[in-house]
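Dropping a structure here in C-alpha cells format, bear with me for questions.
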Amino acid sequence: MKYKLGMQTVEAIYDNSGSQNPLIEALPECLGPEQFTQQIRCCPPPPQACQNMSMAERRQGLALLPTVFVPLPYMYYVYDSLYRMLTSSYHTLTSRERVQKINALFLSGGSVSGYGAQAQSGALLGTPGLGKTSTLRRCLNLLPQVIAHEKYLGKAFYCKQVLWLHVECPSDASQKTMAYNIVRALDMAVGSDHLDYLLRSRSGSVSSVSTYIKTLCVTYNVGLLVVDEIQNVVATAQRTNRIKPLIRFLTELTNDTCTAVYFTGTTLAETVFQSEEYLRRRTRGPRLLPFKPDGAYRAFLQALWPYQYTPEQAVLTDRLANQIYDYSGGIPAYISKLLEEAQAQALMRGVSRIDRKMIAAAADYLAIQPPKELGTGTFLSDFQAPAAGSMEHLTDTPTQQEAEDTPEDTSPVKRLYAVPRGRKAAERDERDLLVAFKIGALRELLLSQDMVEEVGLC
C-alpha cells in the first residue's frame, strides 16, 4: 500500500507513471473488492457463554450491536464511483492550468470561460435506513483526505491536495450556508482559518463568497465534494423555490473549479433532480431499494443473528425471518434495531430467548413503519458481488443447530415474508364465464345455457 489506511494527512508518494501530473501520481491505489470488504467490515466477536453473563453485561453487549457493520455488494460500487470521479477531477486540469484558473477567477470576479472540460458528478439516492451515509464515510476514510506535496521531479512543489470534503446540505437551501459549510470542512481538513476571515469580511454578498469558495477549491486542489442529505432542501424548495440557486451554485463550482460533486440523500430528492435536464444528466447514479425477501436478506440476517445476549440463543427459522421482514420491510437499519430491541424486551420480561412475541413487542415499541411505496431503483438483493469470495461472510449457510431443526422437506413456507393483502380469490368452476373465456370455450358455454341464440343470415 502506498499510504497507510486511516491517515488523514500524508506526505506525497509518486508512482512515476510519466503523466507529468503530480496530483495524479500521488493518488492512492484503488482497493480491490476483497481488500475493500475487509477494511469496512466491523464484526466484533459474537458473545460466548451467555448463560453466565450478568444483566449488566448483557446490556453492555446489546449496546455494541448497532456498531456491527456488514458489507454489502453495492458498497464497492459506490467506492469505485467515488474513486473514478476523484481521478477524473485531477485528469481534467494540470497543476499549471490550476494556477491559470486561480488568476482567471480573481480577474473575472468569479466566473471562468474558455475551459471546456468538466468534472464528473453523480448521486446516490435511496430509501432511508439502507446505510448510505455510513457507507460513504467508510469509503472516504479509505482515502487520505489531504496529501502534502513538497518536491516533484527534483523541483520544489509546495501545495496541499485535498482529495475530498464531506458536507451536509443546509435545510434552508441557502447558498451562503452551503458555502460556509464547505469552508468549515476545508478548515478542518488543512487546519486553516478561512471561515473566520470570511465571516469578518465586509463583502458578504453571495457572489463574493462564491468567488472565494472557488478560489479555495482550486488553491487546495479539492478533488471531490460529497454533499450529503440533499433531500433537506426539498421542503424549503416547495415554499421558497430556493433550490435552483443552490444547485446553480454547486454547478458553477463544478464547472469553474473542476471539482467533482456527489449528491447523496433519500429518494425525496429525485423530484428535484428530475425537474431539469441538466440535473438529470449530472445526478446519474444508483437508486437503492431495500432487500427483497430472498437469499440476500437471509444472508444479512444470519450475519447479525449470532449477536444474541439472552440466556438462550434462538434458532433462525423461516417464521422468524418472515416476521422480521414483515416489520422491517427489508431495511437493514430496521432489521438491526428489531433484533436489538427484541432482546431488550426479552431481558426485561424475564424471557430466556427471543421469539415471535418478543419481535412483535419490539416492533410495537419502536413504532416502525416501513414505506409502502418504494418507487423505482435497484434492490439491495440485485447487486452482484464484484468478485468471488468478497462476500464470504454473507453466505446463506445454516448453522448445525438450524440444520438439525429443519425437516427434510425444503419447500417454502406458505406465507413468504409479506402479509397477503386484498381479498382471497374466489374459487371458480368450469361454468364460470371468466374461466370459459380464458380457455376459449365462452361461445359453447353461452349456447349450452341458452344465454345466446345463433341467427343465420340469408
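Just so it is clear, none of the values below were taken in a lab; they were calculated from the coordinates. Fair warning: this is a prediction, and the values are worked out from it, not measured in the lab. Every residue, glycine among them, receives a Cβ derived from its backbone with ideal geometry; neighbour counts consider all protein chains shown.
Check the straight Cα-Cα distances from residue 372 and name the aspartates and glutamates below 18 Å, setting aside those fewer than 8 residues away within the same chain.
270, 326, 364
If you don't mind, another one. Counting only Cα, what are the radius of gyration and maximum Cα-Cα distance Dmax of segment 230-341, in Å?
Cα radius of gyration and Dmax of segment 230-341 are 20.4, 61 Å respectively.
Related question: Which order do peptides 431-439, 15-23 fall in by mean Cβ count within 10 Å, highest first?
Details: 431-439: 12.3, 15-23: 14.2.
Packing order, densest peptide first, comes out as 15-23, 431-439.
Please give the net charge around residue 167, taking every other residue with its beta carbon less than 11 angstrom from that of residue 167, where Lys and Arg add +1 and Asp and Glu add -1.
Computed value for this residue: -2.
Now for a separate question. Determine, from the Cβ-Cβ distance of residue 318 and residue 382 and an R0 of 30 Å, the FRET efficiency 1/(1 + (r/R0)^6), rounded to the nearest 0.05. Intermediate values should be presented prior to the final figure.
Working: r = 22 Å, r/R0 = 0.74.
So the FRET efficiency works out to roughly 0.85.
Can you give the relative contact order of segment 295-379 as a percent, counting alpha carbon pairs under 8 Å and 6+ residues apart?
Details: 68 pairs, mean separation 27.5, N = 85.
Across segment 295-379, relative contact order equals 32 percent.
Cα to Cα, under 12 Å, and not fewer than 8 places away if on the same chain: which aspartates and glutamates meet these conditions relative to residue 132?
228, 229
Can you put 2, 160, 132 in order of Cβ neighbours within 10 angstrom, beginning with the fewest? Present the calculation step by step, with values, prior to reporting the outcome.
Details: 2 13, 160 18, 132 23.
Ranking 2, 160, 132 by Cβ neighbours within 10 Å, fewest first, gives 2, 160, 132.
Can you put 378, 264, 257 in order of Cβ neighbours within 10 angstrom, beginning with the fewest? Intermediate values should be presented prior to the final figure.
Values: 378 14, 264 25, 257 29.
By the 10 Å Cβ count, ascending: 378, 264, 257.
For the pair residue 4 and residue 91, what calculated FRET efficiency results from E = 1/(1 + (r/R0)^6), where r is the Cβ-Cβ distance and R0 = 25 Å, to the nearest 0.05? Present the calculation step by step, with values, prior to reporting the outcome.
Values: r = 25 Å, r/R0 = 1.01.
For R0 = 25 Å, the calculated efficiency reads 0.50.
On to the next question. If you stretched the chain out fully between residue 168 and residue 353, how much longer would it get, using 0.36 nm times the residue separation minus the C-alpha to C-alpha distance? Could you put the intermediate results ahead of the total?
Values: separation 185, 0.36 × 185 = 66.60 nm, distance 4.08 nm.
Additional length available on full extension: 62.5 nm.
In whole angstrom, how far apart do the alpha carbon centroids of segment 1-32 and segment 318-370 sit?
Distance between centres, Cα-based: 46 Å.
Oh, and also: Evaluate the distance, in nm, between pseudo-label points positioned 7 Å from the Cα of residue 41 and of residue 446 along their respective Cα→Cβ axes.
It works out to 6.6 nm between the two label points.
Could you tell me which of rounded, prolate or oblate describes segment 137-241, using a ≥ b ≥ c as the square roots of the eigenvalues of the alpha-carbon gyration tensor, with rounded for a/c under 1.5 and, failing that, prolate when a/b is larger than b/c and oblate otherwise?
Working: a/c = 2.86, a/b = 1.56, b/c = 1.83.
Here segment 137-241 falls in the oblate category.
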